[in-house]
């Protein structure tokens, strides 16, 4: 007989990730004392200033320019050579953390990630100043190349993994973080880049001024959070913090009104589709139980109905820590049929058999998904995210207990909660024209 893991074999509490927090005047420093074999991971979180949603696309594209263009002191070739020599990791991104109490607001940050050998830690302030404060943006043809590459890269992502684009689009109707993510990395951002590309000669000079102004507004020490994993050097953090000038006061939260409920289609040249139905969790939703429910429906109901019977290449139900619940299908020959399957899920749940059904495997799989094996860098990043979201260790313990204590009866009892969510559904289908038409969608945007 093959040995199997029992629930009693599992730790009842999640791994505790200690974080030291230092506040010295206006400087905030988070330290994660984890073994990193001589590598130090440093993350800078710059709060975004007051920006309209439409400005987020410009900031998002800025992420792809930094480190690729010449600076005040280095050519682009010299900069790339030096950063490859001195840094193990240099990455720029935008991150949003949904407020758990108000769906119209989130924390919005421009994030910069470095990794270096401990003996080269002093290089980070030099590169931070050179790149974040000194990028020139005056290489017109190089910027055009990066723009064309970004457009094609996003186009290929939408064609090959349209469910991600559809979830971003649907998420814009659910929360502030969802709306911000759509404008900075979804179809809205893609269309903005296409518009710039089509009128590049006229737009370029205006964009250069916009990017220079955005850098002056974003890269300041106001509200800056420095996170270190594998290093505990407050003197280094102080030197890094002092690189940046003081600027305008930044808000604690970005306020972005989610868009109204909608059914949308994104038309692509394809015979298959990606069908997404998303909704926000209701106030009475138990997060841990919802994670188990998602895995149960994915492996049983959705897999059988959409993958096996419907012929789609993949399907699932995802639950995000921002409070969004999303059904999706992947390379689906029948998007309209999949949307019907999603709507029927609550009724199927009500018929889940009682105590005789063993859901131990589903619970163990949920635990593994919720707490995967993480490297030291990933542990530090995870701890940062929990801090940003306001999730305490006690809350993590409660969520783990919600997962471990799940029963078939509790699963069936969540049918009403899921039905309430689906009454406020947001649908987005990425696919060919015929697929979208069969879904009864009239609001269509072409790729």
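All of the numbers you see were taken from the coordinates with simple rules; none came from a lab. Just so it is clear, the structure is predicted and the values come from calculations on it, not from any experiment. A quick note on method: Cβ atoms are made from the backbone with ideal geometry, for glycine too, and the neighbour counts reach across all protein chains shown.
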Net length gained if the chain between residue 75 and residue 358 were fully extended (0.36 nm per residue, minus Cα distance): 95.6 nm
Rounded FRET efficiency, nearest 0.05, which uses the C-beta distance separating residue 209 from residue 10 and R0 of 51 Å: 0.35
In nm, spacing of pseudo-spin labels at residue 423 and residue 444 (7 Å Cα→C-beta vector): 3.2
Rounded Å value of the spacing that divides the Cα centres of the stretch 180-222 and the stretch 414-447: 30
Contact order normalised by residue count of the chain, Cα under 8 Å, 6+ apart, percent: 23
Theoretical ellipticity at 222 nm over the chain - DSSP helices of four or more residues, -39500 (n - 2.57) apiece, nearest 500: -13500 deg cm²/dmol
Neighbour-count ranking [beta-carbon atoms within 10 angstrom, fewest first] of 260, 376, 75, 177: 260, 75, 376, 177
Footprinting exposure proxy for 167, 187 (fewest neighbouring C-beta atoms within 10 Å first): 187, 167
Distance (nanometres) between label positions extended 7 Å along Cα→Cβ at residue 260 and residue 246: 4.5
Label point distance in nm, residue 343-residue 138, each placed 7 Å from Cα along Cα→Cβ: 6.0
Segments 384-393, 5-14 sorted - mean Cβ within 10 Å per residue, highest first: 384-393, 5-14
